[in-house]
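Undergrad: Here it is: the structure, laid out below.
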Amino acid sequence: MRPDPIAVIGAGLIGSAWAFGFARAGHPVTLWDQWPEAAQAAHARVTEIATDMQAAGLLDGQTPAQVAARVTLAPDLETCVKNALHVQESVSENVDVKRAVFAALDAAALPDAVLASSTSALLPSSFTETLKGRARCLVAHPINPPSLIPAVEIVPAPWTGATAMDRCAATMAGIGQKPIRMAREIDGFIMNRLQGALLQEAMRLVADGIATPEDIDTGIRDGLAPRWSLCGPFEAIDLNAPGGVRDYVARYGPMYRIIGARQTTLPDWEGATLDRIEAARRAALPLADLPKAQTRRDRRLMALMAHFRRETPQS
Ligand SMILES: NC(=O)c1ccc[n+]([C@@H]2O[C@H](COP(=O)([O-])OP(=O)(O)OC[C@H]3O[C@@H](n4cnc5c(N)ncnc54)[C@H](O)[C@@H]3O)[C@@H](O)[C@H]2O)c1
């Protein structure tokens, strides 16, 4: 069966990575941005991503040209969504812009197309409430870059229908993403709430002079993260006590209760704490070298993903 046509609206960092991900899985993709030059750059970016992916063994035997040929640029939003059964909106993170774009999408898309937003922090209810087709609107929030990181949060507004949730999750699973179906919307969704909890404590430890920013990064990068790259927190604690998760809680629950009771104040994210963190980061990485470091990180991430694929071949 021919994969469903997909429309990608907004052709920046996230839109181009989505266009690649859908095209790699065989979907015909139409791409539109308010700026034609952004859409053209995104098309070139799809080829670049595909070339890097091929080098890492992540292109499933296809050539970059074959993948890029599935992405076509549309002259306007209406043409872009005309045949699409899944629309992935990735325009700027601004609620008024999302509202206007979703109104246009709801008016132009096929009645049974799912309308998904990549928004990082806006609740789906904040820009879909008044739409006639609001039952098919939801958030599909990726981790950057979705071309490499599988997890994607599927977030319903109170009026989102189960069919739209099912279809979005199936589309995402079909391109190799790992959908997380949320029961309801909540600020930060799931991944930013988890990341936020960790950052709050990291800031607190620096602010209180317990650890340096370098120590915190060492503790995660060379301590917890290698294990977290293989399992989630519940899997981790299940494997960390001979009797599994209940045994772990019996052994270490009291310690976490003492810590938790003291983790109630918000640390200062600005001022002297931020000065210390920024000084540490700029000493380790001059600002001018940031793009080089991002590229290196993405290449290493590709190697890691290729390793996971070898261990768990994709169907
Ligand atoms: N960058 C990240 O790490 C990340 C991660 C997950 C989700 N997101 C979300 O993805 C979305 C896109 O983020 P990005 O980082 O790709 O931004 P970006 O600035 O790289 O790209 C946004 C693109 O949208 C276009 N655009 C803006 N308004 C438009 C409109 N009205 N119609 C058509 N095109 C329009 C811009 O021209 C630009 O090309 C945001 O909602 C963001 O929160 C970003």
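Undergrad: In segment 95-119, which residues are near the ligand (Cβ under 7 Å from one of its atoms) and more than 22 Å from the chain's Cα centre (by Cα)?
TA: Of everything in segment 95-119, just one residue is near the ligand (Cβ under 7 Å from one of its atoms) and more than 22 Å from the chain's Cα centre (by Cα), namely Ala100.
Undergrad: State whether the residues of segment 279-286 include one that is out of contact with any Ser or Thr (no Cβ under 9 Å at 6 or more places or on another chain), modelled with pLDDT of 95 or more and of a type in the set (Lys, Arg).
TA: Here is the first cut: in segment 279-286, the ones out of contact with any Ser or Thr (no Cβ under 9 Å at 6 or more places or on another chain) are 279, 281-286.
From the residues that got through so far, the ones that are modelled with pLDDT of 95 or more too are 279, 281-286.
From what is left, the residues that are of a type in the set (Lys, Arg) are 281-282.
The answer is yes, given that some residue of segment 279-286 is out of contact with any Ser or Thr (no Cβ under 9 Å at 6 or more places or on another chain), modelled with pLDDT of 95 or more and of a type in the set (Lys, Arg).
Undergrad: Test Ala151 against the criterion of being closer than 20 Å to Ala11 by Cα, within 14 Å of the ligand (Cβ to nearest atom) and hydrophobic (A, V, I, L, M, F, W, C), and give yes or no. Before the answer, list the steps.
TA: Numbers: closer than 20 Å to Ala11 by Cα: no; within 14 Å of the ligand (Cβ to nearest atom): yes; hydrophobic (A, V, I, L, M, F, W, C): yes.
Criteria not met by Ala151.
Residues are listed down the side, and each one gets a yes or a no for (1) aromatic (Phe, Trp, Tyr); (2) surrounded by fewer than 19 Cβ atoms within 10 Å (Cβ to Cβ); (3) within 13 Å of the ligand (Cβ to nearest atom):
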| site | (1), (2), (3) |
| --- | --- |
| Pro3 | no, yes, no |
| Val8 | no, no, yes |
| Gly15 | no, no, yes |
| Ala23 | no, no, no |
| Gly26 | no, yes, no |
| Trp32 | yes, no, yes |
| Ala42 | no, no, yes |
| Ile49 | no, no, no |
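Undergrad: State the number of residues belonging to segment 182-226 that are among the β-branched types (Val, Ile, Thr) and within 25 Å of Ala162 (Cβ to Cβ).
TA: Of all residues in segment 182-226, those among the β-branched types (Val, Ile, Thr) come to 186, 190, 206, 210, 212, 216, 218, 220.
Those still in the list that are within 25 Å of Ala162 (Cβ to Cβ) too: 186, 190.
Residues meeting the conditions: 2.
Undergrad: Considering only segment 199-246, how many residues are in contact (Cβ under 8 Å) with a residue 60 or more places away in the chain and closer than 13 Å to Ile277 by Cα? So that I can check it myself, show each step before the final result.
TA: To start, the set of residues in segment 199-246 that are in contact (Cβ under 8 Å) with a residue 60 or more places away in the chain comprises 200-201, 203-204, 206-207, 212-214, 229.
Then keep just the ones that are closer than 13 Å to Ile277 by Cα; that gives 203-204, 206-207, 212-214.
Qualifying residue count, segment 199-246: 7.
Undergrad: Would you point out the residue of segment 80-94, among those that are more than 10 Å from the ligand (Cβ to nearest atom) and not polar (S, T, N, Q), that is farthest from the chain's Cα centre (by Cα)?
TA: Only one residue tops the list, namely Lys82.
Undergrad: Do we have Thr273 as part of a helix (DSSP H, G or I), hydroxyl-bearing (Ser, Thr, Tyr) and surrounded by 12 or more Cβ atoms within 10 Å (Cβ to Cβ) here? I'd like the intermediate steps shown before the answer.
TA: On the way: part of a helix (DSSP H, G or I): yes; hydroxyl-bearing (Ser, Thr, Tyr): yes; surrounded by 12 or more Cβ atoms within 10 Å (Cβ to Cβ): yes.
Yes, satisfied.
Undergrad: Determine the pairs where a residue that is closer than 18 Å to Thr79 by Cα, located within segment 7-20, has a partner that is within 6 Å of the ligand (Cβ to nearest atom) and among the hydroxyl-bearing types (Ser, Thr, Tyr) with Cβ atoms under 7 Å apart, the partner being 6 or more residues away or on another chain.
TA: Val8/Ser90; Ile9/Ser90; Gly10/Ser90; Gly15/Ser90
Undergrad: Can you tell me which residues in segment 51-71 are among the β-branched types (Val, Ile, Thr) and surrounded by fewer than 17 Cβ atoms within 10 Å (Cβ to Cβ)? It would help to see each step written out before you state the result.
TA: Here is the first cut: in segment 51-71, the ones among the β-branched types (Val, Ile, Thr) are 51, 63, 67, 71.
Residues satisfying the conditions are Thr51, Thr63.
Undergrad: To continue, here is another question. If you scan segment 76-92, which residues turn out to be surrounded by fewer than 16 Cβ atoms within 10 Å (Cβ to Cβ) and among the polar types (S, T, N, Q)?
TA: Matches in segment 76-92: Thr79, Asn83, Ser92.
Undergrad: Under 7 Å between Cβ atoms, which residue pairs at least 6 apart in sequence (or on different chains) link something in segment 93-107 that is exposed (fewer than 15 other Cβ atoms within 10 Å of the Cβ) with a partner that is not aliphatic (A, V, I, L, M)?
TA: Glu93/Thr119; Glu93/Ser120; Val95/Ser126; Val95/Phe127
Undergrad: Sticking with this one: In contact with a strand residue (DSSP E or B) (Cβ under 7 Å, 6 or more places away or on another chain), outside any strand (DSSP E or B), modelled with pLDDT of 95 or more and acidic (Asp, Glu): is that true of Glu185 in this structure? Break it down into steps so the answer makes sense when it comes.
TA: Details: in contact with a strand residue (DSSP E or B) (Cβ under 7 Å, 6 or more places away or on another chain): yes; outside any strand (DSSP E or B): yes; modelled with pLDDT of 95 or more: yes; acidic (Asp, Glu): yes.
Yes, satisfied.
Undergrad: Is at least one residue of segment 159-171 outside any helix (DSSP H, G or I) and out of contact with any Leu (no Cβ under 6 Å at 6 or more places or on another chain)? Spell out the reasoning first.
TA: Going through segment 159-171, the residues outside any helix (DSSP H, G or I) turn out to be 159-161.
Now drop any that are not out of contact with any Leu (no Cβ under 6 Å at 6 or more places or on another chain), which leaves 159, 161.
So far as segment 159-171 goes, yes, one or more of its residues are outside any helix (DSSP H, G or I) and out of contact with any Leu (no Cβ under 6 Å at 6 or more places or on another chain).
Undergrad: Among the residues of segment 117-164, which ones are surrounded by fewer than 24 Cβ atoms within 10 Å (Cβ to Cβ), of a type in the set (A, V, I, L, M, F, W, C) and within 14 Å of Val95 (Cα to Cα)?
TA: Across segment 117-164, the qualifying residues are Ala121, Leu122, Leu123.
The values are calculated or read from the model by the stated rules, or taken from the named source; none is laboratory data. Quick caveat, the model's predicted, so the values are computed rather than measured. As a convention, Cβ positions derive from the backbone with ideal geometry for all residues, glycine included, and neighbour counts pool all protein chains shown.
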